[in-house]
Amino acid sequence: MKAILSADKNWGIGYNNKLLVSIPSDMKFFRQTTTGRVVVMGRKTLESFPNGLPLKNRTNIVLTGNRDYQVKDAVIVHSKDELMEELRKYAADDIYVIGGESIYRMLLPECDTVLVTKIDRAFQADTYFPNLDEMDEWEMTEEGEEQTCFDLEFRFTKYERK
């Protein structure tokens, strides 16, 4: 299982249920990486998408405690146990955790790879990803060239569990 996200200098990933910033090449990378795969998210992440609809051309699995929650074209699960049971149906390499904070924290121990678009700026954030640079079991194994979008500098990076 993998996680994919963009984070600022402080590992901030969102504010008011929105991404901190929208970078077209990061969105393209996300689309190319996850299309045809399984994406795992929480309810608030799903509701942050355009019209609150599941992502096209992907198997969308949504974890929520709300037993009455239903979404067309998404698989709804209500606990980590139920989620792990559902994920057994898919190849681990095809599963991407896409947020938000509580889902990332819950599933990070299950992940062996984390793809992080690192943005060289600190934003106002209210949700965070764990700082992998401070965790002994993770190491950055790839760091792409610095790129810019308007006045933002960012890099695509890959972390792998040691």
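The values are calculated or read from the model by the stated rules, or taken from the named source; none is laboratory data. The shown structure was predicted, so the numbers you read here are calculated from the model rather than taken from an experiment. No Cβ is skipped: glycine too gets one built from the backbone with ideal geometry, and neighbour counts run over all protein chains shown. For the accessible areas, the whole protein counts, side chains as well, though only heavy atoms, and no ligand, DNA or RNA atoms are used. Shrake-Rupley method; radii C 1.70, N 1.55, O 1.52, S 1.80 Å.
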Where Thr45 falls short, out of the listed (1) within 17 Å of Ile119 (Cβ to Cβ); (2) crowded, with 19+ Cβ neighbours inside 10 Å; (3) among the hydroxyl-bearing types (Ser, Thr, Tyr): (1)
Residue in region 92-114 that is touching a residue at least 60 places away in the same chain (Cβ under 8 Å), farther than 19 Å from Val40 by Cα and in contact with a Lys or Arg (Cβ under 6 Å, 6 or more places away or on another chain) present: no
Single residue of Ile61, Ile76, Ile13 found to be surrounded by fewer than 20 Cβ atoms within 10 Å (Cβ to Cβ), out of contact with any Pro (no Cβ under 6 Å at 6 or more places or on another chain), among the β-branched types (Val, Ile, Thr) and at pLDDT 95 or above: Ile76
Residues located in region 138-161, provided they are open to solvent by 80 Å² or more (accessible area, probe 1.4 Å) and either not hydrophobic (A, V, I, L, M, F, W, C) or not in a loop (DSSP other than H, G, I, E, B) (or both): Glu139, Glu142, Glu143, Glu145, Glu146, Thr148, Asp151, Arg161
